[in-house]
Amino acid sequence: MSLQMVSTVSNSSLLQPGFSLLNFDGHVFFFGQKGWPKRSCPTGVFLLDIKQNELKMKPAFFSKDSCYLPPLRYPALCTLRSDASADEYQYIIHGGKTPNNDLSEKVYFMSLLNKTGKKMTFQCIEKDLSGDVPEARYGHTISVVHSRGKSMSVLFGGRSYTPLAQRTTENWNSVVDCLPSVFLIDFEFGCSTSYVFPELQDGLSFHVSIARDDTVYILGGHSLQNNTRSPNLYKLKIDLPLGSPAVTCTILPGGISVSSAIVTQISDTEFVLVGGYHSDNQKRLACNTIVLEDSKIEIAESLSPEWTPDIKHCRTWFGCDMGKGSVLLGIPGANKQIIPDANYFYILRCKGAEEDKEEPVTQICSQTSSEDPGDSTPFEDSEEFCFSAEANTFDADDADTYNEDDEEDESETGYWITCCASCNIDINTWVPFYSTELNKPAMILCSGGAGHWVHAQCMDLSETMLLRLSEANVKYFCNKHVDLNKGLQTPQKVMCLKKPPMKPLRKKKAMKLSTSAKKSFLRRLFE
């Protein structure tokens, strides 16, 4: 193993605990900044360009037909292939925290659409589920299993907010363990089924899951209810016959009591476990190798890298798997007493570059070593990790931050649309036009035909008219259906008529009196 410090040239404050890394064709992309995206990168996805131990972040782009993907911290994330031997894959993203600390229950599929040099364009699609839909959560894992030519996803663990019926003023924002149910999800048909096993008694979060073929291994994790880190090693075996799936759970010996560890794959059957916590105040500096062969798992302690004094003495750390046997580790900048709102990063390479092989198909999913005191104790979001998430300026203009309106059903409005022939709303270039806009363009429903959504900006609506249409219950017709001539139509620009100014009235001249006349007038007045 080798440990190398990297210097961050730009936007290092975006890399905060809870981020995720995605590996497409050997390129590593960052997702999950703590604040809302800036105008310079509205997608919130960045290419991590590392050269000569310098880390630069470059904005990535989404296709025009992509849905909006909010920055999510601590989501469950894994790759999905059509079959175990397929080369092409896409990422599944479920749950996580928004910058408003709201929890997401949505599922996103992110895939590489095209690549031109270093410019990559992604497509993001939201998936709907039916049946036993997992509640909104974070700190959980999702894995993909393959059996009898079929594929399904396995979701487990995580934390959520206290149910509304149980909330009081004192515990309104408190988090609890999700029920220890195992969800088997078929994304092809959009259905989800939950399973309960007697072996799984306590809810777990920030654990590690490794999937190979039809088996998922669950290692470690933290239980809020008991404030313990599970020493158990669970084995979930999924059989997918023509009928109903068969799922079994077994407790195996040889587990590790750890939370927020990171797993990276170094060969087809070998993995390295690094990072995490033994307890709330004790980091885990030891490393382990995990070998999966013939439906068996072997865990052994391995040689650890030579940690730097800064890493040894810091109270917390975080990071994520970069793929191909490399891990990105970060420590808070406050430990070095230089820049309190910046972090310092290291790349841990668990194998040499000469050992790189083709990307293996084994699934790993670990809630990264991002656990701060708020991730292991009831007090959420400790001040120790409340750093500024403001990005440094890119080449483009860097101005107002976006915000997400979680209450609106984005799947129905589909605001990244082409509403008319002259529509130029682009997910990669759009900036707020009205003061009421936050993270998406303002839209109005046209009543023409079956009804369709149009962008207020494309219809040349003034902000006053937009507010009026938003408040009033009236019919609106876009420029295409304006010939219906009923209800409230798109206001047309009216030329102001120039009126000639009125001539001012002439004042009457005052009558002048002679001196003799004045004397005669005064004499008569006093007689």
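The values are calculated or read from the model by the stated rules, or taken from the named source; none is laboratory data. Note that the structure is a prediction, hence the values are computed from the model and not measured. Using ideal geometry, Cβ is built from the backbone for each residue, glycine included, and neighbour counts are taken over all protein chains shown. Surface areas here come from the heavy atoms of the whole protein model, side chains and all, with no ligands, DNA or RNA. Shrake-Rupley method; radii C 1.70, N 1.55, O 1.52, S 1.80 Å.
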Solvent-accessible area, 1.4 Å probe, carbon plus sulfur percent, for the stretch 2-349: 49 percent
Using the Karplus curve 6.51 cos²θ - 1.76 cosθ + 1.60 with θ = phi - 60°, what ³J(HN,Hα) values do you get for each residue of the stretch 260-273, in whole Hz, with x for Gly and Pro? 6, 7, 10, 10, 10, 9, 10, 7, 4, 10, 10, 10, 10, 9
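Taking all protein chains together and a probe of 1.4 Å, list ILE266, ILE425, ILE125 from the most accessible to the least accessible. The partial results should precede the final answer.
Numbers: ILE266 30, ILE425 10, ILE125 75 Å².
Descending order: ILE125, ILE266, ILE425.
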Determine ³J(HN,Hα), in whole Hz, for all residues of the stretch 17-30 in sequence, where each value follows from phi through the Karplus function 6.51 cos²θ - 1.76 cosθ + 1.60 and θ = phi - 60°; x replaces Gly and Pro. x, x, 6, 10, 10, 10, 10, 10, 6, x, 9, 9, 10, 9
Using the per-residue mean of other Cβ atoms lying within 10 Å as a proxy for protection, in what order, highest first, do the peptides 193-201, 102-110, 32-40 fall? 32-40, 102-110, 193-201
Along the Cα→Cβ direction, 7 angstrom out, place labels at GLN225 and SER40. What is the inter-label distance in nm? 4.7 nm
Once you place label points 7 Å from the Cα toward the Cβ at GLU199 and TRP307, how far apart are they in nm? 3.1 nm
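Averaged per residue, what accessible area in Å² does the stretch 2-349 show with a 1.4 Å probe, protein chains only?
Working: 13670 Å² over 348 residues.
Ligands and nucleic acids excluded, the result is 39 Å² per residue.
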Checked against a 19 Å limit on the C-alpha separation, the offending pairs among LYS64/LYS119; LYS64/LYS480; LYS58/LYS115; LYS324/LYS351; LYS283/LYS312 are LYS64/LYS480
Protein-only accessible surface order, largest first, of GLU126, GLU88, GLU298 at 1.4 Å: GLU88, GLU298, GLU126
With every protein chain left in place and a probe of 1.4 Å, what is the accessible surface of LEU252, to the nearest 10 Å²? 50 Å²
